[in-house]
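Note sheet for the following structure.
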Amino acid sequence: MNKHWPTLLAGALLAAAVLPAAAQQRGLKLHVPSPDWRDQVIYFLLTDRFDDGNPSNNDQGLGEHDARDGNKYSGGDIDGIRRRLDYIQALGATGVWLTPPVLNQWHDSTHGFWGYHGYWASHFKRMDPHVGTLADYQRLSDALHRRGMVLVQDVVVNHTGNFFSYGPGWRADDPTADFQPNTGSRPVQRPLQAPFHLNDPRRAEDRRAGIYHWTPDIRDVTVRDEEMNFQTSGLDDLNTENPVVRRALRDSFGFWVREVGVDAFRIDTAYHVPPEFFEDFLYATDPKAPGVARVARRTGRQDFFAFGEGFGIDAPGQTRYTRKLESYIRGEGGQKRLGGMLNFPLYAGLVDVFARGRAPAELQRRVQDMVAADARGIDPRLLPSFIDNHDVDRWLAVSGEPAMKQALLALMTLPGIPVLYYGTEQGLVTQRASMFAAGWGSGGRDRFDVQAPLFRYTQAAVALRKAHRGFSRALPQPLQAGAAGPGVLAWRNVHEGQTRIVLFNTADAPRFADNLEVGAPQARLRRLFDIHADSAQALPTELRADAQGRVHLSLPPRSGTVWAVEAAPAAAPPAAAVRPRIDALPTEAMQADFDITGSAAPGVLLDVIVDGDAARAQRVVAGPDGRFSARIDTRRMTDPALLHRVVLRAAGSGTPLDASVSEAAPFRVALPWRVLADVPQAPLADGAGGGPQGRYAYPTHESYTRQMDLRRTRVLSAGGALRIELEMADLTRVWGPANGFDHVAFSVFVELPGRSDGARAMPGQDSDLPQGMRWHLRLRAHGWSNALFGPEGADASTDGRSITPAADIQSDAATRTVRFTIPSEALGDPASLSGARVFVSTWDWDGGWRPLAPVAGSFVVGGGDARAPKIWSASPVITLP
């Protein structure tokens, strides 16, 4: 540590000190009226990783700046943002959201972490010198407002940095019991701002003040008391029920609106404070510390926008998290709280459907939930929406560019305020990589290329939204959504007499869209946008509906189009025609392949298309009596909850448009599962290590409870699908993970029979597969991620080719079991799995594979060199009979 850091800190604070408001604001355009937030497109950036406009502020004397280390400061700052506003505005963004600029705890040596991100405050009203001065921040505000853009500041009201913790002797009735000050905090060991400096319960004054909840870390975020009152990642939990705390927070954050001209707040960890807190935070009438919205009105902002972050995603048919999200926007009596919440439910639907190949009906359900909330006073147009951010995997880390283009188009054509995470438009893969050449993860080059294909695509999608006001105003009407796997997804947007159709094929293979009701008989559809516009896969620039106002068309893989519906000129009605027809199907679920029958004009060639998959259609001929039959292959159909559909398409030339396609017929299938292998493993003794030689040690943080210990592996099959059930020593939900487990990441490798290709490397795990095994499909999953990969392009550091549909994940905490079901389609529809081999390994994940070091740390696995194999537990190589 630099022995001069106290002097350097004092100088930095003097430079960031509050200057008289009149001197700061002279000639600067800090205060402007609020915009219509529905029309905004926000560019979210992590300041330290975006651009370095002032290298002189990078190192404040602690050795905290090292662009070779992703855990340390890279040097991005506010001057870097300001000099890149041309770039941001060229993308189409109307505002910038930056991470907290407040003075931070710079280093927590107890846990080995650095505060480059800005979320560990030591003073809520001072600038952190790493990002710049107050004058720098004001100049950024001025530059944005002169462009007609808005400034969004990330704020934290739930916690400060980590200045104290509790050991295992913590007691709720005695805040001094096993209290542990963080002597490893740098550059200060307690907050500098009153009253937050009263943080030692061993002092009677601090206990009486009650500024903090004297609590340890959260163990289970689904327990409401822990979520509200315990420490998040060891960060000191503020007692936000205390009027003194509330007043100090209003005063602190009203400062940034008044002195800098901030137009909106994003509230970090909103679910960790009571929802009614925000009524006080925004609307309190205290004359000395009024609510932030009241401060904003005095600056001319009549609609200051505050939106919260709260992670929670409902499973199908559940509404717990939806209702929770709504409670932070409106109280039970209709009282106003936050203006919106980050739309994590929509994010989950976008990822599941476009990245993981889940059925489009899952996204349609989430969109319909949004629409229904509008009637309850929750405006979906004000829910900021996103496809990735600094807390989740980047899109391209779990899926490919074609899927990302679809997700971006959906973002721009659904209600909500689109939020673009920095670098997505440049194809960044690493979660918090830098955009500037000298920063960590940049690859040694700047990433501000306005001619980059993804930049230009994103630019075009944003322009589409801006050109058609209905996408930010109207609520979508569902048209069609495949329920049995990747395929057709369509909705209609109607605004001020204009109708737009948004149409996707989420599959990696062609799909047939049938019976799309565009609403106007023989209407003309004019193409406005096409993901494949510059390729041979582009759809026609015009379509014509049939006499029933329906459209039928083949869609190329990963397509996304937007159409304007225009009335057709008056014309004589077409002659009546006989459409092919499917006889009624049984309502009970089928348990094997089965036959369908139906009728059509005699001699007509018919394609029997199941779930839109025209490439696998059967060709049949209607007999002289017009009858036909066809056998349905159920190999892909293992989930009885999914509704499949079959449709007939006339294949012969000269068939009238109205007679070319039948009505769709629904059916269900429930194939039985067969156990192929059941392999128990001896449990590790208490204190025993993991790893290839049993020498690894768990991270020392108290939340680790042997979650990586694998106890049993079962392998089952049904049709062409594969199911892997894993029994663990423990299954926890410390952070409320979407998949139902945390502190463990799984890698499942499958070698298919009869193939000599494949990869041996276990990407990111510094090892090869045992026993000469080669993988053809690899599953990588942790609490918030679920991805499948093929071996093409895979090596020790590269995942390989993204594959959809992804596995279905189910977890059961009571039995400590995680179940992965890999669809037949992802496996290539094998005729048999006999001779296939399966290998399972466990480790942990935190934006990447958890580090390994000779000595364990709070969140570092111990017992090995950094490049030793990252395998804690593993099954044997299992050969299927």
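The values are calculated or read from the model by the stated rules, or taken from the named source; none is laboratory data. Computed from a predicted model, the values in this text were never measured in an experiment. We place every Cβ from the backbone using ideal geometry, glycine too, and count neighbours over all the protein chains shown. To get the accessible areas, we keep the full protein, side chains included, count just its heavy atoms, and leave off ligands, DNA and RNA. Shrake-Rupley method; radii C 1.70, N 1.55, O 1.52, S 1.80 Å.
Yes or no: ASP799 open to solvent by 60 Å² or more (accessible area, probe 1.4 Å), of a type in the set (Asp, Glu) and assigned to a loop (DSSP other than H, G, I, E, B)? Please lay out each step first, then the result.
Details: open to solvent by 60 Å² or more (accessible area, probe 1.4 Å): no; of a type in the set (Asp, Glu): yes; assigned to a loop (DSSP other than H, G, I, E, B): yes.
When the stated conditions are applied, ASP799 does not pass them.
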Review point. For LEU363, all conditions in the list (1) under 20 Å from ALA807 (Cβ atoms); (2) not in a helix (DSSP H, G or I) hold save one; what is the number of the exception?
Key: (2)
Practice item. Return yes or no: is ALA615 small (Gly, Ala, Ser), loosely packed, with under 14 Cβ neighbours inside 10 Å, more than 24 Å from VAL551 (Cβ to Cβ) and in contact (Cβ under 8 Å) with a residue 60 or more places away in the chain? Key: no
Point to revise | Search result, residues across the range 830-849 that are under 23 Å from THR430 (Cα atoms), part of a loop (DSSP other than H, G, I, E, B) and modelled with pLDDT of 95 or more | key: ASP844
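Restricting attention to the range 700-739, which residues are among the charged types (D, E, K, R), more than 29 Å from PHE344 (Cβ to Cβ) and either touching an Asp or Glu at 6+ places or on another chain (Cβ under 7 Å) or open to solvent by 10 Å² or more (accessible area, probe 1.4 Å) (or both)?
Initial filter on the range 700-739 (among the charged types (D, E, K, R)): 702, 706, 709, 711-712, 714, 723, 725, 727, 730, 733.
Pick out the ones that are also more than 29 Å from PHE344 (Cβ to Cβ) and you get 706, 709, 711-712, 714, 727.
If the condition is that a residue be among the charged types (D, E, K, R), more than 29 Å from PHE344 (Cβ to Cβ) and either touching an Asp or Glu at 6+ places or on another chain (Cβ under 7 Å) or open to solvent by 10 Å² or more (accessible area, probe 1.4 Å) (or both), then ARG706, ARG711, ARG712, ARG714, GLU727 are the ones that fit.
Considering the range 224-274 alone, what residues qualify as being part of a loop (DSSP other than H, G, I, E, B) and either surrounded by fewer than 19 Cβ atoms within 10 Å (Cβ to Cβ) or within 23 Å of the chain's Cα centre (by Cα) (or both)? Please lay out each step first, then the result.
Step one: list which residues in the range 224-274 are part of a loop (DSSP other than H, G, I, E, B), which gives 230, 233-234, 236, 239-242, 261-263, 269, 273-274.
Within the range 224-274, SER233, ASN239, GLU241, ASN242, THR269, VAL273, PRO274 qualify.
Can you spot a residue in the range 502-510 that is open to solvent by 20 Å² or more (accessible area, probe 1.4 Å), without any contact (Cβ under 8 Å) to a residue 60 or more places away in the chain, small (Gly, Ala, Ser) and out of contact with any Phe, Trp or Tyr (no Cβ under 8 Å at 6 or more places or on another chain)? Step through it out loud before you land on a result.
The initial filter retains those residues of the range 502-510 that are open to solvent by 20 Å² or more (accessible area, probe 1.4 Å), namely 508-510.
Narrowing the set further to residues that are without any contact (Cβ under 8 Å) to a residue 60 or more places away in the chain leaves none.
No: the range 502-510 contains no residue that is open to solvent by 20 Å² or more (accessible area, probe 1.4 Å), without any contact (Cβ under 8 Å) to a residue 60 or more places away in the chain, small (Gly, Ala, Ser) and out of contact with any Phe, Trp or Tyr (no Cβ under 8 Å at 6 or more places or on another chain).
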**Study point:** Only listed residue being open to solvent by 20 Å² or more (accessible area, probe 1.4 Å), in contact (Cβ under 8 Å) with a residue 24 or more places away in the chain and of a type outside the set (Val, Ile, Thr), chosen from ALA688, ALA697, ALA677
**Key:** ALA697
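Report, by residue number, each residue of the range 339-358 that is in a loop (DSSP other than H, G, I, E, B) and of a type outside the set (S, T, N, Q).
Kept after step one, since they are in a loop (DSSP other than H, G, I, E, B), are these residues of the range 339-358: 339, 342-343, 356-358.
Across the range 339-358, the qualifying residues are GLY339, LEU342, ARG356, GLY357, ARG358.
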Review point. Which one of the conditions (1) of a type outside the set (Lys, Arg); (2) open to solvent by 20 Å² or more (accessible area, probe 1.4 Å); (3) at negative phi; (4) in contact (Cβ under 8 Å) with a residue 24 or more places away in the chain does ALA826 fail to meet, given that it meets all the rest?
Key: (2)
Check your understanding: When ASP154 is evaluated against the numbered criteria (1) touching a Lys or Arg at 6+ places or on another chain (Cβ under 9 Å); (2) at positive phi, which criterion, by number, is the only one it fails?
Key -> (2)
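Quick grid of which residues meet (1) open to solvent by 40 Å² or more (accessible area, probe 1.4 Å); (2) under 23 Å from the mean Cα position of the chain (by Cα); (3) hydroxyl-bearing (Ser, Thr, Tyr); (4) more than 27 Å from GLY519 (Cα to Cα):
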position: GLY427; (1), (2), (3), (4): no, yes, no, yes
position: ASP446; (1), (2), (3), (4): yes, no, no, yes
position: GLN451; (1), (2), (3), (4): yes, no, no, yes
position: LEU454; (1), (2), (3), (4): no, yes, no, yes
position: ARG473; (1), (2), (3), (4): no, no, no, no
Review point. Scanning for something under 27 Å from SER34 (Cα atoms) and over 14 Å from the mean Cα position of the chain (by Cα), does the range 312-326 turn up at least one residue?
Key: yes
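For (1) part of a loop (DSSP other than H, G, I, E, B); (2) farther than 16 Å from ALA437 by Cβ; (3) out of contact with any Pro (no Cβ under 6 Å at 6 or more places or on another chain); (4) without any contact (Cβ under 8 Å) to a residue 12 or more places away in the chain, each residue gets a yes or a no:
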| residue | (1), (2), (3), (4) |
| --- | --- |
| ASP48 | no, no, yes, no |
| GLY80 | no, no, yes, no |
| ILE88 | no, yes, yes, no |
| TRP97 | no, yes, yes, no |
| HIS117 | yes, yes, yes, no |
| PRO129 | yes, yes, yes, no |
Check your understanding: Cβ-Cβ below 9 Å, separation at least six or inter-chain, first residue in the range 316-345 and within 20 Å of ALA284 (Cβ to Cβ), second part of a loop (DSSP other than H, G, I, E, B) and open to solvent by 70 Å² or more (accessible area, probe 1.4 Å): which pairs?
Key -> ARG330/ARG376; GLY331/GLU276; GLN335/GLU276; ARG337/GLU276; GLY339/ASP303
Check your understanding: Applying the selection to the range 104-157, what residues are in contact with a Gly (Cβ under 8 Å, 6 or more places away or on another chain), surrounded by 24 or more Cβ atoms within 10 Å (Cβ to Cβ) and hydroxyl-bearing (Ser, Thr, Tyr)?
Key -> SER122, SER141
Exercise for review: Only residues that are surrounded by 18 or more Cβ atoms within 10 Å (Cβ to Cβ) and either modelled with pLDDT of 95 or more or part of a helix (DSSP H, G or I) (or both): list them for the range 300-325, please.
Suggested key: ARG301, PHE304, PHE305, ALA306, PHE307, GLY308, GLU309, TYR321, THR322, LEU325
Revision key, fill the gap. Note on SER165: of the conditions (1) over 34 Å from the mean Cα position of the chain (by Cα); (2) of a type in the set (Gly, Ala, Ser); (3) not in a loop (DSSP other than H, G, I, E, B), unmet is (1)
Review point. Taking SER399 and the conditions (1) among the hydroxyl-bearing types (Ser, Thr, Tyr); (2) within 18 Å of GLY560 (Cα to Cα); (3) free of Cβ contacts under 8 Å to residues at least 60 places away in the same chain, which numbered condition does it fall short on, given that it satisfies the others?
Key: (3)
Review point. Out of all the residues in the range 403-414, is one or more at pLDDT below 95 and either crowded, with 23+ Cβ neighbours inside 10 Å or closer than 28 Å to ARG330 by Cβ (or both)?
Key: no
Review point. Is it true that some residue in the range 86-94 is modelled with pLDDT under 95 and open to solvent by 10 Å² or more (accessible area, probe 1.4 Å)?
Key: no
Check your understanding: Would it be correct to say that ALA630 is out of contact with any Gly (no Cβ under 8 Å at 6 or more places or on another chain), part of a helix (DSSP H, G or I) and closer than 23 Å to LEU553 by Cβ?
Key -> no
Revision key, fill the gap. Conditions (1) crowded, with 18+ Cβ neighbours inside 10 Å; (2) part of a loop (DSSP other than H, G, I, E, B) -> PHE278 fails only (2)
Check your understanding: Taking only pairs six or more apart or across chains, which ones have beta-carbon atoms under 8 Å, a first residue in the range 812-823 that is without any contact (Cβ under 8 Å) to a residue 24 or more places away in the chain and of a type in the set (Val, Ile, Thr), and a second residue that is assigned to a loop (DSSP other than H, G, I, E, B) and surrounded by fewer than 22 Cβ atoms within 10 Å (Cβ to Cβ)?
Key -> none
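Scan the range 41-56 for residues that are in contact with a helix residue (DSSP H, G or I) (Cβ under 8 Å, 6 or more places away or on another chain), open to solvent by 10 Å² or more (accessible area, probe 1.4 Å) and of a type in the set (S, T, N, Q) and jot them down. Explain how you work it out, then say what you get.
Keep residues of the range 41-56 that are in contact with a helix residue (DSSP H, G or I) (Cβ under 8 Å, 6 or more places away or on another chain), which gives 41, 43, 45, 47, 50-54.
Retained after the next criterion (residues that are open to solvent by 10 Å² or more (accessible area, probe 1.4 Å)): 52-54.
ASN54, the sole residue that qualifies.
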Practice item. Among the candidates ALA21, ALA12, single out the residue that is surrounded by 15 or more Cβ atoms within 10 Å (Cβ to Cβ) and at pLDDT below 70. Key: ALA12
Practice item. Collect the residues in the range 518-537 that are polar (S, T, N, Q) and out of contact with any strand residue (DSSP E or B) (no Cβ under 7 Å at 6 or more places or on another chain), keeping them in residue-number order. Key: SER535, GLN537
